[in-house]
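Everything on this sheet refers to the single structure shown next.
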C-alpha cells in the first residue's frame, strides 16, 4: 500500500497486482461480509409486539404528559382505523405537520398502521417549501393539529387534526386494523434540502428502516432501561432513529419541547431531570450546550470538534456518529435532510 501511495497505479488492474492475496480478500470479501439477520416485518409491527410485552411501561414522555406502550398502541390504532375510513391504504402518502408532542408519534404510527407512508412537513418551513412538498408528493391527506391548520398551504388534501378531531377518532377501536403489511412497502418519503436544485423526495421502505434500527439496537446498543431524549426535527432523516429505536426495545423516548432544543440551559435541565442515557444531536447543538455552560451534562472524555463525545464510538454513516457511555450517552450527526 505504501508503494501505491508513492507510485500511484495508472490502471485498475495494476492496483490488483500491487495487493497480496490476503489484502485483496480483506478489501473485497471480508470488509463486505456484513450480512446479518433482521426481522422481516414492518416497523409498526415491531412496536406493536413491544407493546404486548411491556404494556404498562412508559413509552413517550413530553413535559408532564406520559403515554405507556399500551396507550400509544391503542391511540395509533384508533387513528389508523380513521385514516382507513377516509381512503388511506397501502403506500398512500400522508403529510404530517405537527408540533413536537406525543401526538406526533401517534400520528406517525397511525399512518403506518393504515398502510400509508408519511411525508414529514416541518411547521417551521417557509410556506413555499411546504407547498412544494405537498404538491410534489400529491398527499391526499394531511395529519396535523388545530393550531397549525390555517397555516398550511391551500390544497385539496383532507385534513385530520389530532386534537380537535380526536373525540371522533377516539370512537374507533383500539385494536390494530387488519391491513396487509409488506416490508417492501414505503414507510416514509423525506425531502432533501434542495441545495443542488429542487428538493427531491427520497423513498424509504419498512425493510430498510427495520434493517437500520435492528443494526443500531445491536451496536452501539440500546436496552429497555435506556432513556433517549429526542431533539431532532421530524424532517431530518435521523429522527427515525430517535423515535423508533427506543420503541422497538422497550426504552423510553423523551420528546424535547421545541424551546429546549434551542436553549442550552433548558436542554441541560431536561437531560438531568429525565436521567437521560442517550441523546443525539448535530455538532451545532452540542456546541450550544458547551458554550452555554452546560457541558457538565456529558462525559469529560472528549472526541471530535464538539468535545462532547465519549467511548465507545459507532459510525452511523458519514458524518454521523453515535456513542454510548455508562453515564449520559450522546451522538452527533451533521448531514443534510
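The values are calculated or read from the model by the stated rules, or taken from the named source; none is laboratory data. Bear in mind that the values here come from a model prediction, so they are computed numbers and not experimental data. Here the Cβ is made from the backbone with ideal geometry for all residues, glycine too, and neighbour counts use every protein chain on show.
Descriptive notes on the structure:
- Counted as qualifying within the stretch 216-291 are the helices (runs of 4 or more DSSP H) with 3 or more residues that are modelled with pLDDT under 90 and not assigned by TED's automatic domain parsing to the domain that holds residue 121, namely 264-274, 283-291.
- Test: residue in the stretch 165-172 that is within 18 Å of residue 233 (Cα to Cα), in contact with a strand residue (DSSP E or B) (Cβ under 9 Å, 6 or more places away or on another chain) and surrounded by 13 or more Cβ atoms within 10 Å (Cβ to Cβ): no
- Any chance residue 176 is part of a loop (DSSP other than H, G, I, E, B) and in contact with a helix residue (DSSP H, G or I) (Cβ under 6 Å, 6 or more places away or on another chain): yes
- Taking the stretch 57-85 as the range and being touching a strand residue (DSSP E or B) at 6+ places or on another chain (Cβ under 6 Å) and more than 20 Å from residue 276 (Cα to Cα) as the test, only 72 passes.
- Residue match in the stretch 200-209 (condition: under 22 Å from residue 42 (Cα atoms) and part of a loop (DSSP other than H, G, I, E, B)): no
- Only one of 183, 102, 123, 153 that is surrounded by 15 or more Cβ atoms within 10 Å (Cβ to Cβ), closer than 25 Å to residue 50 by Cα and in contact with a helix residue (DSSP H, G or I) (Cβ under 6 Å, 6 or more places away or on another chain): 183
- Failed item in (1) in contact (Cβ under 8 Å) with a residue 24 or more places away in the chain; (2) more than 22 Å from residue 120 (Cβ to Cβ), with residue 206 passing the rest: (2)
- Residues (out of contact with any strand residue (DSSP E or B) (no Cβ under 7 Å at 6 or more places or on another chain), in a helix (DSSP H, G or I) and touching a residue at least 40 places away in the same chain (Cβ under 8 Å)) located in the stretch 115-141: 129, 132
- Which numbered condition residue 216 misses (of (1) without any contact (Cβ under 8 Å) to a residue 60 or more places away in the chain; (2) touching a helix residue (DSSP H, G or I) at 6+ places or on another chain (Cβ under 6 Å)): (1)
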